[in-house]
Amino acid sequence: MTPQQVLTRLRIQMAMHLLHGDDSIACIGQACGFSDQSAFTRKFKAEVGMAPRQYRAMIAARQEGRVLES
């Protein structure tokens, strides 16, 4: 794995953490060092297998499931 790949993976992991919050996807991408939202979305999808918006929706669905089970 190249240093650039390691850096990208770390940025994506940070983004995954931040997507649990309320910040916009564009703000999260910028905070994680991506030049624009489309670059962030492309890299995120390549690493995670889904777009940031889909990942956030999955998180929300899982959290709703936990609330309903309680």
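Just a few scattered comments:
- Test: residue in segment 10-23 that is in contact with an Asp or Glu (Cβ under 8 Å, 6 or more places away or on another chain) and surrounded by 13 or more Cβ atoms within 10 Å (Cβ to Cβ): yes
- Flag if Met1 is in a helix (DSSP H, G or I), of a type outside the set (Asp, Glu) and open to solvent by 40 Å² or more (accessible area, probe 1.4 Å): no
- Hey, Gly29 open to solvent by less than 60 Å² (accessible area, probe 1.4 Å) and not in a helix (DSSP H, G or I) or not: no
- Screening segment 32-44 for residues that are assigned to a helix (DSSP H, G or I) and more than 9 Å from the chain's Cα centre (by Cα) and picking the one that is surrounded by the most Cβ atoms within 10 Å (Cβ to Cβ) gives Lys43.
- Filter pass, Gly65 being at pLDDT below 95 and either in a helix (DSSP H, G or I) or surrounded by 14 or more Cβ atoms within 10 Å (Cβ to Cβ) (or both): yes
- Contact map, segment 1-17: first residue of a type in the set (Ser, Thr, Tyr), second residue assigned to a helix (DSSP H, G or I), Cβ cut-off under 9 Å, separation 6 or more or different chains; pairs are Thr8/Lys43; Thr8/Ala46; Thr8/Glu47.
The values are calculated or read from the model by the stated rules, or taken from the named source; none is laboratory data. Please read these numbers as outputs of a predicted model, since none were measured by experiment. Cβ: placed from backbone, ideal geometry, glycine included. Neighbour counts: every protein chain shown. In case anyone asks, the SASA skips ligands and DNA or RNA and just uses the protein heavy atoms, side chains included. Shrake-Rupley method; radii C 1.70, N 1.55, O 1.52, S 1.80 Å.
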